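First the structure, in the form of structure tokens, and then the observations on it.
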Amino acid sequence: MKKNIKIAFGLIITLLFTISSPVTKVYASSAEPDCFDFGATTISIPAGGQQKMWLRATYDYTYFIEGATSNATYLETDFKSGSKDVVFHIGPDEQSGNVFFHFYVRDERLENEDVHDEIEIYVQNRQQVAPSVVAPIAKGKSGTLVQENKIAMLYNESGVAMASFSLNYGKGSMATFGLKGIEDNGSKYFSVITGYNNATPVISESDKAVMLANGYAGVVVNGKFVNWP
């Protein structure tokens, strides 16, 4: 009888201790645990996706990105010390399979600004894009649309530049994009993918006249038909 009472008493004590103990989370180890602690050091995110992650920073910080091809790939954060959730955004037009977010302390409380940690993002389900696409032009000939950094240049059958356009996503900022091909809804359009659904084409009046003369009315931006301005 005494033995049973002791066992029961022991179980009650254990239960009370478990209930009263604070719940602690175990996060990923950090290369600089005195400065940063992350919810994960590697994350998989699909192109066009985002993921929230817990972060603890002892000091104010900054970050830079290595390997990204899209300017819609970025970190949503306030750069301040403390424990918080941050959000990683991967652009729909991101072509890199591995993107690194490098974190550096930027705080007057710590003189050493070389303190560094990083998180690696594995980018999944990347959209297929091409550096150039065959583009039918006037008189039954075939030209080529070539992406050159943030500009798309149309060349004729002899490789001579004819006209170009870029994309703007606000306040005069040029958007990165990838070439998908040509679409036709009665007029031809250049199809592109970008990290900005509201991006619009930018083109000079003379280049616009060339594009229209060759049957191109504008650009398909992430599936949306947009005529030349």
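Given a cut-off of under 8 Å on Cα pairs at least six residues apart, what relative contact order in percent is computed for the range 24-124?
32
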Antiparallel content of DSSP bridges confined to the chain, in %, to 5: 85
Residue pairs, from the table LYS84/LYS224; LYS150/LYS224; LYS150/LYS180, whose Cα atoms sit over 25 Å apart: LYS84/LYS224
Neighbour-count ranking [beta-carbon atoms within 10 angstrom, fewest first] of LYS84, LYS180, LYS171: LYS171, LYS84, LYS180
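Do you know the relative contact order of the chain, to the nearest whole percent, from alpha carbon pairs under 8 angstrom that are 6+ apart?
14
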Within-15-Å neighbourhood charge of TYR216 [Cβ basis; K, R +1; D, E -1]: +1
Mean separation of Cα contacts under 8 Å (6+ apart) over length of the range 132-227, as relative contact order %: 23
0 to 90° range, to nearest 10: angle between helix 2-20 axis and the chain longest Cα axis: 40
Modelled FRET efficiency - R0 22 Å, MET153 with ASN227, Cβ distances, 0.05 increments: 0.65
Helix-only mean residue ellipticity at 222 nm for the chain, each DSSP H run of n ≥ 4 adding -39500 (n - 2.57), per residue, nearest 500: -4000 deg cm²/dmol
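Classify the range 24-124 as rounded, prolate or oblate from the Cα gyration tensor: take a ≥ b ≥ c as the square roots of its eigenvalues, call it rounded if a/c is under 1.5, otherwise prolate when a/b beats b/c and oblate if not.
Judged from the Cα gyration tensor, the range 24-124 comes out prolate (a/c at least 1.5, a/b above b/c).
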Alpha carbon centroid spacing (whole Å) that separates the range 76-144 from the range 159-218: 23
Neighbour-count ranking [beta-carbon atoms within 10 angstrom, fewest first] of VAL202, VAL87, VAL123: VAL87, VAL202, VAL123
Residues TRP228, TRP54, sorted so that the one with the fewest Cβ neighbours within 10 Å comes first: TRP54, TRP228
Proximal charge balance of VAL123 [Cβ under 15 Å; K/R count +1, D/E count -1]: -3
Reported label for calculated Rg/Rh (Cα atoms, Kirkwood Rh) given (i) 1.30; (ii) 1.06; (iii) 1.25: (iii)
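Values quoted throughout were computed directly from the atomic coordinates according to the rules given, and no laboratory measurement underlies them. Quantities reported herein were computed from a predicted structural model and do not represent experimental measurements. In this analysis, Cβ positions are derived from the backbone assuming ideal geometry, glycine residues included, and neighbour counts consider all displayed protein chains.
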